[in-house]
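Throughout, read-outs are computed from the coordinates displayed, never taken from laboratory work. Everything numeric here is computed off the predicted structure, so don't read it as measured data.
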Amino acid sequence: MTAINTSTLGLGLLVLRVVAGLTISAHGAQKLLGWFEGSGFAGAVKMQERMGLRPAWLWACLVVLGELGGGLSVALGILTPLGAAGMVGAMFMAIVKAHWKNGFFNGKRGFEFPLQLLTAGVTIGLIGPGPLSLDALLSIRLPTPLLFILLALAALVVDGVGIFMTRGTETSVPPRVTPGPTVSN
């Protein structure tokens, strides 16, 4: 087996961090600011209410923090274990509360897409940001695997509290309908 060149590994981590981090942060920007055809914070609060999460504004803040804050942290590679744990917490809750019931594939609002972001968060959280990151540039040396695991477990405990509190309180959310061609007779 050939050893991976450290500069190649660093470049690969940079690509993974930037793509996954900016992808999830764009979802957070939809929820906080209404950017990218998002619903804004009021819509995020309503979404949390429909899922039975109370107080909805608090859970909306946690989603925004995990998606926008965690995503930017990961993309920039600054305080990476914290950002990666935020991604994991946000995507785990999204999978359980919004996507699991729809099956795997994203075309039917399944958990395929949030699972990819959760997996990227776990991977980056365990490996660290790599040499091409603000953590490396600023000589921020956090105990990456241990700190990430502790923070991710804390995020999952918070998710578990929310899931436990909402058992049986969700209101139905209509599935996303993709317009298809119309047929006329």
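Give me the extension gain from Ala154 to Arg109: residue separation times 0.36 nm, minus the current Cα-Cα distance, reported in nm with one decimal.
13.5 nm
Subtract the Cα-Cα distance of Leu58 and Leu137 from 0.36 nm times their separation in residues, and report this length gain in nm to one decimal.
Numbers: separation 79, 0.36 × 79 = 28.44 nm, distance 3.40 nm.
Extending this stretch completely gives an extra 25.0 nm.
Quick one: grab Rg to one decimal and Dmax as a whole number for segment 12-165, Cα atoms only, in Å.
14.9, 44
Would you list the membrane-span-like helices of the chain, meaning whole DSSP H runs whose alpha-carbon atoms span at least 24 Å along their axis and whose mean Kyte-Doolittle value is at least 0.0? Intermediate results must be reported in sequence, preceding the final value.
Working: long enough: 6-33 (38 Å, 1.16); 144-165 (31 Å, 2.30).
Membrane-span-like by this rule: 6-33, 144-165.
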